[in-house]
1. Nearest 10 degrees, 0 to 90: what angle lies between the long axis of helix 221-234 and the longest principal axis of the chain (Cα atoms)?
2. If exposed trypsin sites (Lys or Arg not before Pro) are those in a DSSP loop with at most 16 other Cβ within 10 Å, what is the longest stretch of the chain that has none?
3. Compare the Cα positions of 146, 266, 228 along the charge dipole of the chain (+1 at Cβ of Lys, Arg; -1 at Cβ of Asp, Glu; about the Cα centre) and return the one farthest towards the positive end.
4. Which residues among the range 12-40 fall inside the zone where the amide N is under 13 Å from a point 7 Å beyond the Cα of residue 75, along Cα→Cβ?
5. By how many nm would the segment from residue 209 to residue 8 lengthen if fully extended, with 0.36 nm per residue of separation less the alpha-carbon distance?
6. Ignoring everything except DSSP H segments at least 4 long, calculate the 222 nm mean residue ellipticity for the chain; use -39,500 (n - 2.57) per segment, divide by total residues, nearest 500.
7. With 12 Å as the cut-off, how large is the P(r) tail for the range 101-155, expressed as percent of Cα-Cα pairs?
8. What would the Debye formula give as log10 I(q)/I(0) at q = 0.09 Å⁻¹ for the alpha-carbon point model of the chain, no solvent?
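Computed from the coordinates by the stated procedures, all read-outs in this text should not be read as laboratory data. Quick caveat: nothing in here was measured; it's all calculated off a predicted structure. No Cβ is skipped: glycine too gets one built from the backbone with ideal geometry, and neighbour counts run over all protein chains shown.
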Amino acid sequence: METVTRAEALRARIAAWRRAGARIGFVPTMGNLHAGHYSLIAIARARAERVVASVFVNPTQFGPREDFASYPRTLAEDQAGLAASGCDLLFAPEVEEMYPFGTSGGVRVEVPGLGDVLDGAARPGHFAGVATVVTKLLNLVQPELAVFGQKDYQQLLVIRRLVADLRLPVEIVGAPTVREANGLAMSSRNQYLSAEERERAGVIHRTLRAMREAVLAGRTVDTVEQEAMRALAAAGLVPDYAVVRRAADLTAPDPGVRTGLIALIAARLGRARLIDNLLIDDADQ
Ligand code: PAF
């Protein structure tokens, strides 16, 4: 597997594959890869002849008091893992390559509405940063399909919306969340947790399952959300939100509606802010 850092080199490799008739699958990441990321590579591998991944810790999606500087950077391990998982090409650019006009002076892509609620409200500017970098990456790679984890459900919806609105010719594939044995969704930020916190964080998935059962049993959304906030706090987490929303657009559901819903949680534990979700209709999750 080759690693390139410049846009020109990336385009040249992909153009050669495309001339040979290959479909390109793309997996954008911020590195520090784990089993969840490798499951995205496996999905791209099964659907395309060539797989491109990117590792880029995108400064514009971090707030001023967030963990951009300390975000784990493990390029050598990521390269080895990607090569072993069947990735063909890694794009690992510097900030200047992705933001030639600077991180505050360049073009920005905003997704109003979807990008402003929940994590968008808790982390102002976050989804504009994600939408901007993903638009740039999709424009550089021009893949037939790009794979994103459903763990970041709001991000997945934001990206689907930007692709639909900008008429980008790419299929966005959502991939199932990969979990630890206790239900904790895999995330690079889990390494901010101590062993004891990691075990305790299993309460997030248990609470999501309890929310799903309570909704399906006919409890009101308000009651379900309040009980979930209490369960998280009782386990020593500091919840940002525990909500039931329409899965299509994250708006509040109409009273009595029990289909097409999703439960979402964001909570702090120690140094980590953890997010997870569960589709309420999907009993297999
Ligand atoms: O999910 C991530 O790792 C990032 O938000 C993404 C999509 C690679 C954009 O920086």
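1. 80
2. Counting at most 16 other Cβ atoms within 10 Å as exposed, the longest clean stretch of the chain is 109-166.
3. 146
4. Of the residues in the range 12-40, 31-32 have backbone N under 13 Å from the label point off residue 75.
5. 67.7 nm
6. It comes out at -11500 deg cm²/dmol, rounded to the nearest 500.
7. The proportion of pairs with Cα distances above 12 Å equals 70 percent.
8. Here the Debye-derived log intensity ratios amount to -0.43.
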